[in-house]
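Presented below is the structure to which this report refers.
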Amino acid sequence: MRTSLLALVAAALLASISPHAQTAGPAQAGPDTREDVLRGVGIAHGMLRGLQYTDATTTAQFQATGTQYIVGQAFKPGGPWPAAKLTKYNVWINYAVPGMRIDLERTNPDGPVQGGGGLPFAAPQRQILVVGGTRAWNEAMMPGGPATAAIGQEKDRAVQIWMLPQGVVKAARMAGDKLAVGMEGNKRTLTFPLPDPVSNYTEKVRLDERKLVEHVEVMVDNPVLGPAELEADYDNYKDPDLSDIPFPFHIVQKFRGSPILELTVTSARMYNPYVVVPTPDNVEQAYAAPDPQSKVEIQKAGTGVWFVTGASHNSLAVEFKDYIALIESPVGENRAAPLFDAVKKQFPNKKIRYVINTHHHFDHAGGLRHAVAERTTILTYRDNKPYYEKVLASKGTRPAVEAVGEQRVLTDGTQRLELYKIQNSNHADTMLIAYLPKDKLLVEADLWNPPAQPNAPPPTGIALAEPLNLWANIQRLKLDVAQIAPIHGRIVPFSDFRRAVGQGNNTN
């Protein structure tokens with residue numbers, strides 16, 4: 001009897017010891033039942049504890065450094081995303097009331113920089129990116145500081161919660177009977193739908209021999225690429241705060257096969273640090289209002305030329321005798337649809353024959369899928385043509401894309417619109433500008449953004465490189481410019497630009 005009693009006590013103690021200790025060695029192959037697999041994975045990640053296997057993990061926090069690659073801002077179409085050096089990457093996660101806050105600081109990488117996304121930075125840049133439930137926002141100055149709604153970013157940020165290892169376990173358990181358990185070689189896999197606001201996404205997870213998450217895949221939506229695979233790889237698991245909750249100290253993410261994030265974790269608190277992500281009132285109010293990208297305002301900017309504003313990116317509608325040419329269809333469907341509707345209303349008897357794409361960066365190409373659906377021909381620099389024909393094709397439909405070389409002119413004998421390739425830009429290798437000689441109006445994107453305040457100090461240092469290159473191209477092309485209509489900002493007299501590049505009131 002004494003021996004039996006000791007055996008029972010030993011069994012009870014074994015059931016309650018740290019789950020990390022129980023999974024220190026390779027796990028033995030267990031039953032394929034959903035419940036057994038979920039229990040094993042939860043124990044391996046230090047989440048299911050005690051005799052009742054209660055999920056004890058609700059929040060986590062980690063710090064890291066590394067490299068961030070800026071999606072959609074490659075120098076050449078289909079090329080690698082430009083890199084920024086992450087000097088700080090602090091993350092707070094709440095799994096119980098789903099939310100995440102990322103407080104990062106980034107600076108220029110070593111060596112020359114080509115591509116967009118604000119690179120090269122004139123100074124180190126701080127961003128505080130937040131998602132809570134179905135709301136996304138950015139904070140200023142400090143975590144919990146003044147908030148600005150980031151409508152449209154909810155899915156991109158929320159999916160990150162459920163791709164982290166403990167998030168994987170949570171989401172798999174929430175999936176219930178929709179969880180599918182499988183094998184790839186000798187590795188266990190889990191496949192399941194994610195919770196709101198990414199309930200239309202399915203996540204596939206591969207476990208290592210310890211039942212720890214080593215690889216995650218999610219097919220996400222992208223305005224330019226359409227469905228595209230987001231992946232994460234995890235290794236170098238440690239118990240960072242002696243909580244018996246292992247966490248990977250090396251994280252790599254890829255998007256459509258290209259790296260977008262590589263982190264070396266420096267510290268972590270895995271056993272329920274204090275994390276709350278309440279949605280600010282002004283963010284809720286912003287979500288209750290119409291999507292800001294749907295606001296369209298049209299003002300006359302010249303002879304048969306209309307400046308289309310109201311959101312983060314501008315467009316221009318140029319009227320010809322038999323059709324309309326639209327310069328830029330940006331952002332995504334949420335901007336392109338109201339943009340097209342407004343232009344059609346302005347010109348009810350004329351078809352939008354062309355959309356002129358200034359360059360291939362995703363924020364400027366995000367509305368091209370809508371243009372394809374409208375059977376509108378895309379005019380873009382020649383190096384973009386094969387790229388767009390590939391990524392914008394859907395269900396066997398080949399988009400109409402016409403290549404622009406060093407110069408292209410649209411004219412009907414009265415209206416004239418000239419397109420030119422910009423040389424020597426480090427922002428994008430496919431950059432076009434537009435020029436309307438009748439009104440001496442230049443249209444450009446990202447090469448110079450007029451400051452909101454007319455008397456703001458001019459750019460200096462690295463920030464001056466692209467404006468100076470635009471000036472050099474204007475001189476090379478011998479363009480007589482009176483006004484600039486930027487894709488970002490307000491129409492300004494050319495004298496403002498001359499002052500910005502240190503040319504005073506010199507003529508062309």
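The values are calculated or read from the model by the stated rules, or taken from the named source; none is laboratory data. Nothing here was measured: the structure is a model prediction, and the numbers come from that model. We place every Cβ from the backbone using ideal geometry, glycine too, and count neighbours over all the protein chains shown. Surface accessibility is based on the protein's heavy atoms, side chains included, excluding ligands, DNA and RNA. Shrake-Rupley method; radii C 1.70, N 1.55, O 1.52, S 1.80 Å.
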>> Tell me which of Ile93, Ala136, Ser243 sits at the most positive position along the dipole axis of the chain, charges placed on C-beta atoms (Lys, Arg +1; Asp, Glu -1).
In response: Ala136
> Rounded to the nearest 20 Debye, what is the dipole magnitude of the chain about its Cα centre when Lys and Arg each give +1 and Asp and Glu each give -1 at the C-beta?
Replying inline: 780 debye
> Once Lys and Arg get +1 and Asp and Glu get -1 on their Cβ, which of Trp162, Ala465, Thr430 lies farthest toward the positive end of the dipole of the chain?
Replying inline: Thr430
> So how strong a dipole does segment 159-225 carry about its Cα centre when Lys and Arg Cβ are +1 and Asp and Glu Cβ are -1, to the nearest 20 debye?
Replying inline: 260 debye
> Rounded to a whole number of µm²/s, how large is the Stokes-Einstein D of segment 300-344 at 4 °C and 1.567 mPa s, given Rh as the Kirkwood radius over C-alpha pairs?
Replying inline: 120 µm²/s
> Which percent of Cα-Cα pairs in segment 375-422 sits in each 10 Å bin, short to long?
Replying inline: 24, 44, 24, 7
>> What number comes out for accessible area per residue over segment 390-442 if the probe is 1.4 Å? Units Å², please.
In response: 44 Å²
> Across segment 158-171, in residue order, what do the Karplus-derived ³J(HN,Hα) couplings come to in whole Hz, using 6.51 cos²θ - 1.76 cosθ + 1.60 with θ = phi - 60° and x for Gly and Pro?
Replying inline: 5, 4, 5, 4, 8, 9, 5, x, 5, x, 4, 4, 4, 5
> In debye to the nearest 20, how big a dipole does segment 245-302 give about its Cα centre with +1 on each Lys and Arg Cβ and -1 on each Asp and Glu Cβ?
Replying inline: 260 debye
>> Step by step: find N for the chain, compute 2.2 N^0.38 Å, then divide the Cα radius of gyration by it. What's the final number?
In response: 1.14
> When the Karplus curve 6.51 cos²θ - 1.76 cosθ + 1.60 is applied with θ = phi - 60°, which whole-Hz ³J(HN,Hα) does each residue of segment 288-298 get, with x for Gly and Pro?
Replying inline: 6, 7, x, 4, x, 6, 7, 6, 10, 10, 10
> Along its principal axes, what span do the Cα atoms of segment 346-505 show, with the longest given first and each in whole Å?
Replying inline: 52, 36, 28
> Which shape class applies to segment 242-318: rounded if a/c is under 1.5, otherwise prolate when a/b exceeds b/c and oblate if not, where a ≥ b ≥ c are the square roots of the Cα gyration tensor eigenvalues?
Replying inline: oblate
> Taking every eigenvalue of the Cα gyration tensor of segment 70-185, multiplying by 5 and rooting it, what semi-axes result, largest first, whole Å?
Replying inline: 30, 21, 13
> Among rounded, prolate and oblate, which fits segment 148-278 when a ≥ b ≥ c are the square roots of the eigenvalues of its C-alpha gyration tensor, a/c under 1.5 means rounded, and a/b larger than b/c means prolate?
Replying inline: rounded
>> Starting from the 7 Å offset along Cα-to-Cβ, what nm value, one decimal, do you get for the label separation of Arg398 and Met174?
In response: 4.4 nm
> What FRET efficiency comes out for the pair Gln52/His488, r = Cβ-Cβ distance, R0 = 56 Å, nearest 0.05?
Replying inline: 0.50
> For Gln503 and Asp233 in the same chain, what is the full-extension length gain: residue separation times 0.36 nm, less their Cα-Cα distance, in nm?
Replying inline: 92.1 nm
>> Once neighbouring chains are kept in place and the probe is 1.4 Å, which whole percent of the accessible area of the chain is contributed by carbon and sulfur?
In response: 52 percent
> With each run of n ≥ 4 DSSP H residues scored as -39500 (n - 2.57), what mean residue ellipticity at 222 nm is computed for the chain after dividing by its residue count and rounding to the nearest 500 deg cm²/dmol?
Replying inline: -6000 deg cm²/dmol
>> What three numbers, in Å, describe the spread of the alpha carbons of segment 450-508 along their principal axes, ordered from the longest?
In response: 28, 24, 22
> Between Asn349 and Thr460, what is the label-to-label distance in nm when each label sits 7 Å out along the Cα-to-Cβ direction?
Replying inline: 5.6 nm
>> Residue by residue through segment 58-66, what is 3J(HN,Hα) from phi via Karplus (6.51 cos²θ - 1.76 cosθ + 1.60, θ = phi - 60°)? Round to whole Hz and write x for glycine and proline.
In response: 10, 9, 7, 8, 8, 10, 7, 10, x
> Relative contact order for the chain using alpha-carbon pairs under 8 Å, separation at least 6, rounded to a whole percent?
Replying inline: 11 percent
>> Which order do you get for Thr309, Thr67, Thr33 if you rank them by accessible area with a 1.4 Å probe, largest at the top?
In response: Thr33, Thr67, Thr309
